Amino acid sequence: MVFRIGGLSSGLDIDKIVGDLMRAERTRLDKLEQNRQIILWRQENYHQVNKDFANFILDTKKEFGLTTTTSTGTLLNKSVSSLDWVKSTTVSDTTIAEVTARADAVKGTYTVNVKSLATNWSAASESNISVGDKGNLSTQFGLNNNDTINFTITNKDGKSVTINKTNLTNVTINDIVNEINNANLGITASYDSTIDRFFLQVNKTGAENTITITDNSTLSDGSTRFDFITGNTSLLKMKYIDNNGVSQTVLNGTYAGTNAVIDLGAATGIVQSSNQFTINGLGFNLKKVGGPITVDVATNVTSVYEKIEKFVEKYNELMDKIGTELAEERYRDYLPLTKEQKEAMSEKEIELWEEKAKSGLLKNDQIMERTLQSIRSGMYQEVSGVTGIYDQLTEIGITTEGYTSGSRGGKLVIDKDKLTKAIEDNVDSVLELLFKEPSEALKYKSESSMTSSEISQKRSESGLITRLYDNIITGMKDVINKAGTGDNSELYRSVSANILIDFVTIYGSISYLDKDVTELDGKIENMNDYLVTIEDRYWQKFTAMEKALSQMNAQSAWLAQQFSQR
């Protein structure tokens with residue numbers, strides 16, 4: 001460390017002089033730090049644009065019903081054929097059955113007869129089961145402590161649980177209930193102490209869902225077997241209702257629920273294991289035996305129109321937002337403020353300055369321009385390989401807005417009458433135009449492994465909205481390579497599970513702007529070291545000057561003293 005002498009001999013304000021000299025030297029450091037800040041702001045803008053892209057895809061998919069969220073929060077894609085807003089149903093008697101229609105349901109009138117309902121097998125104690133205190137099995141059922149309760153329950157897959165209890169004063173009825181339930185057999189046991197009844201049931205309906213019960217309970221001396229869960233004299237007094245509605249005793253054996261049976265038009269005797277099922281795009285929820293009832297299936301024109309209209313609104317909002325970003329004015333004279341500049345300004349002045357400094361950082365950005373161009377062109381190019389009557393957006397009454405003063409164009413405009421008629425005439429063709437999937441060979445192939453011609457073919461074969469999503473995701477990948485992911489990795493993976501593969505494997509999760517920031521960090525560190533050296537050098541020179549002046553002043557004083565003595 002340099003020993004500093006501040007103007008004692010010269011009378012100069014050395015601190016100020018060195019500070020002024022260093023302020024000039026620090027202009028280069030300020031420039032580096034300003035460049036770094038501009039890159040960070042540009043990254044923030046890129047991240048915001050990508051968030052807007054991601055949320056647009058997720059929000060519109062959710063609006064269309066193309067995604068569903070599992071109980072664990074996982075987002076799953078759904079097929080267009082499963083959409084429930086395309087077709088509507090009118091059911092003549094909803095007390096017999098409720099019927100909904102998926103997008104792939106055929107319009108028309110259907111006759112339905114419900115012959116039987118699906119049931120699950122269940123049994124219960126027909127009367128109170130306790131003869132004594134319920135604190136343990138011995139006192140509750142009047143057994144000897146060493147009598148053996150032993151029975152096995154097996155499900156349809158052969159998985160079983162064996163209840164084997166001998167020290168009965170240490171066991172309660174709820175211990176048995178818990179042991180059955182914890183076996184995860186798809187079979188549930190319960191005991192209600194307030195009514196003193198035991199219940200046992202198979203969780204799922206249908207004849208395929210069986211339960212097998214084997215009771216081998218014995219007295220303590222082994223001389224006689226007694227019934228705990230099965231038999232006419234079972235301690236649990238278990239009964240079930242058979243298919244004829246008659247109460248029966250639960251015996252050793254196999255039991256099952258019943259299947260639902262319906263007639264759908266000329267298709268008679270259709271068997272289902274549940275009361276909720278789908279046939280040819282019609283979703284049934286059977287309520288009771290009865291019929292015939294009629295089900296009318298028609299296109300839900302209003303719902304389809306509103307879904308498309310809402311999508312167009314969100315699309316135009318996105319185009320407006322990104323277009324505004326690309327056209328925003330750039331004020332190159334407004335550089336990021338240095339620390340000293342901020343100290344001389346009010347908070348409001350700083351806010352207004354930085355608003356100008358941040359403006360236009362993505363003006364005419366090549367990545368964004370390229371992405372918007374692919375989005376716009378993709379919306380009005382025809383869809384190849386359609387089976388319906390529509391292969392272009394204009395055919396269903398949606399056109400693109402032209403370029404006007406102050407507008408970058410590309411927004412979608414709906415002709416209400418034409419779109420409504422297209423939906424009425426052939427809603428399936430409208431859906432195909434919007435959501436058609438490419439061929440299987442291209443649909444499941446990663447675009448990173450495709451040739452340019454394969455990608456072009458995939459876009460050509462894709463419906464307009466399917467194509468739009470792919471074009472946006474391609475643009476998002478370019479932005480990620482340029483600016484990284486920020487804090488949005490999980491959001492991007494929700495859009496596309498493999499969106500970050502190239503960024504991780506090829507770029508090592510380091511974007512171009514991250515590299516620029518790292519390079520500037522190194523330069524800033526070197527410049528700080530250089531400034532410390534320069535400042536020390538200035539102080540060395542001024543300190544040397546002060547020492548020299550001090551020595552000269554001492555010599556002058558000595559000479560003056562000598563002359564005064566003569």
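If you sort the three axes of the alpha carbon gyration tensor as a ≥ b ≥ c, you get a/c of 1.5 or more for region 122-256 and a/b above b/c, which makes it prolate. Dipole check for region 122-256: with +1 at the C-beta of Lys and Arg, -1 at the C-beta of Asp and Glu, and the Cα centre as origin, the magnitude is about 180 Debye.
How would region 371-458 be classified by its alpha-carbon gyration tensor: rounded, prolate or oblate, with rounded meaning a/c under 1.5 and the a/b versus b/c comparison settling the rest?
Numbers: a/c = 3.36, a/b = 1.23, b/c = 2.74.
In terms of gyration-tensor shape, oblate.
Rounded to the nearest 20, the size of the Cβ-charge dipole of the chain about its Cα centre is 560 debye, with Lys and Arg at +1 and Asp and Glu at -1. Straight-distance candidates among the lysines for linking to Lys342, with alpha-carbon spacing under 19 Å and chain neighbours fewer than 8 residues away dropped: Lys31, Lys356, Lys358.
A protection proxy built from the mean count of other Cβ atoms within 10 Å ranks the segments 195-206, 467-478, 444-455, most packed first, as 467-478, 195-206, 444-455.
State the volume of the convex hull built on the alpha-carbon positions of region 230-369, expressed per residue in Å³ and rounded to an integer.
Values: hull volume 51.9 nm³, N = 140.
Value for region 230-369: 370 Å³ per residue.
Within the set [x] 21, 57, 21, 1; [y] 14, 27, 24, 20, 10, 4, 1, 0; [z] 18, 32, 19, 15, 13, 2, the number that P(r) over Cα pairs in 20 Å bins from 0, in percent takes when calculated for this structure is listed as [y]. When the listed pairs Lys445/Lys477; Lys310/Lys443; Lys78/Lys159; Lys363/Lys477; Lys204/Lys287 are checked against a 22 Å cut-off, the alpha-carbon distance exceeds it for Lys310/Lys443; Lys78/Lys159. Listed by chain and number, the aspartates and glutamates placed with their C-alpha closer than 13 angstrom to that of Lys458 are Glu382, Glu437, Glu440, Glu447, Asp470; residues fewer than eight positions away on the same chain are left out.
Taken together, the values in this text are just the output of simple stated rules run on the coordinates, not laboratory data. Not measured: the values here are computed from a predicted model. Cβ coordinates were reconstructed from backbone atoms using ideal geometry, including for glycine residues, and neighbour counts include every protein chain displayed.
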